[in-house]
Amino acid sequence: MTSTDAPAAIAPAPPVLAEVVRSGFTEGHHRGSLVLLAADGSVERTLGDPEAPVFPRSSNKPMQAAAILRAGLELSGERLALAAASHSGEPFHLELVAKMLAEHGLSAADLRTPPDLPLDPVAAEAYLAAGNVRERITMNCSGKHAAMLAVCVRNGWDTASYLDPAHPLQLLVGQVVAEAAGEPVAAVGTDGCGAPLMAIGLTGLARAFRSFVLAEPGSAERRVADAMRAHPEYVAGTRRPDTWLMTEVPGTLSKMGAEAVQAVALADGRALAFKIDDGSVRALGPVLARALELLGVDAPVVSRIGRAPLLGGAVEVGEIRATF
């Protein structure tokens, strides 16, 4: 740098969304960005930079499921919910994934998900205790992958390359994501399950969820939203916040993603999306609960989702709590 060059501007740190308080002492912070949309779709509140592109991770799954429907696969009910799921790996999840594969002449060997244990810790302990090992079908994205493979069989598309970003299905996914978000895809990466991953801003993510709950009945987007809301236990699991929220607040569409991403749309079009920068899911519940409160959601499930105690010697000595 010469003497006449100005120093590069340093971007401000994202705001603190949650703090970690142990024994009355604040020992850490979780920063990030958040957006709240009013029922008419206008931006009601922002924190940080919700326009900056992020990888929504599994919060993109409703859009991926809508693309599968647009490509011609007939799915409904629990099967469609599972196509948009990050399932817990409970027995009823794995049984339905196996059925979905068999219905199209496929097997777990056709999946390109990485072998994994059930996402839910209780289910994982039971799975291991039964003498099982990591399998592709047990990975939390196997329902989505089963549906992707099924639509390839239906259309005569190559199944071996269904995760290639240039595959017809993945090109359609990118189109659906951009349409729902109302903005172009900023980058394409690879998700933890191996599928292509489309980056959009948090405001675009909130708009996408809003568009799904307000879509015309019978459209691919509305069919996905309706299936997820009718069968939330297949979207997540019996011990997961997405399930609790969609069960206890009728009409709500909710989907978390890895690296602490969350998107929610209420039945009337109010919506939210946020990402915690450090990817810590331990702060997701408190931030989600506070965002729901700011949207006017008044239900016991909000307190349940927001509770994040800290333990010391197996005794509760503090909490993670939202700061906004």
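Structure notes:
- Cα principal axis extents for the range 58-185, largest first, Å: 45, 30, 26
- Its Cα centre serving as origin, the range 46-144 has a Cβ charge dipole (Lys and Arg +1, Asp and Glu -1) of approximately 260 debye.
- Our coupling estimate for the range 161-177, obtained by passing each phi through the Karplus curve with A = 6.51, B = -1.76, C = 1.60 and θ = phi - 60°, is 10, 5, 9, 5, x, 8, 5, x, 5, 5, 5, 5, 4, x, 5, 5, 4 Hz, Gly and Pro reported as x.
- Cα point-scatterer Debye curve for the range 181-264, base-10 log of I(q)/I(0) at q = 0.11, 0.13, 0.20 Å⁻¹: -0.32, -0.45, -1.04
- For the range 168-225: accessible area per residue (Å², 1.4 Å): 33 Å²
- Å² per residue, accessible surface of the range 69-158 at 1.4 Å: 42 Å²
- Only protein atoms count toward the accessible area here, which uses a 1.4 Å probe; on the range 189-295, the carbon and sulfur part of that area reaches 51 percent.
- For the range 253-307: accessible area per residue (Å², 1.4 Å): 33 Å²
- Electrostatic dipole magnitude of the range 118-203 [Cβ: Lys, Arg +1; Asp, Glu -1; Cα centre; debye, to 20]: 180 debye
- For ARG31, the residues whose modelled amide H falls within less than 5 Å of its own, excluding neighbours fewer than 5 places apart on the same chain, are LEU17, ASP277, ASP278.
- Leading residue at positive end of dipole, the chain (Cβ point charges), from LEU169, GLY77, ALA308: GLY77
- Take the chain and mark each of the GluC sites (Glu not before Pro) that is in a DSSP loop with at most 12 other Cβ atoms within 10 Å; the longest unmarked stretch, sites excluded, is 104-324.
- Derived scalar couplings ³J(HN,Hα) [the range 220-235; Karplus, 6.51 cos²θ - 1.76 cosθ + 1.60; whole Hz; x for Gly, Pro]: 4, 5, 5, 4, 5, 4, 5, 5, 5, 6, 7, 9, x, 5, 7, 6
- 5 angstrom amide H check on ASP49, placed H, neighbours 5+ away: LEU34
- Taken about its Cα centre, the chain carries a charge dipole of roughly 200 debye when the Cβ of each Lys and Arg holds +1 and the Cβ of each Asp and Glu holds -1.
- Surface composition of the range 10-136: carbon plus sulfur atoms hold 54% of the accessible area, using a 1.4 angstrom probe and ignoring ligands, DNA and RNA.
- Less than 5 angstrom separates the built amide H of LEU310 from those of VAL317, GLY318, GLU319, ILE320, all sequence-distant by 5 or more or on a different chain.
The values are calculated or read from the model by the stated rules, or taken from the named source; none is laboratory data. What you see is a predicted model, and the numbers here were worked out from it, not measured in a lab. Positions of Cβ are generated from backbone atoms using ideal geometry, with glycine treated the same way; all protein chains shown enter the neighbour counts. In case anyone asks, the SASA skips ligands and DNA or RNA and just uses the protein heavy atoms, side chains included. Shrake-Rupley method; radii C 1.70, N 1.55, O 1.52, S 1.80 Å.
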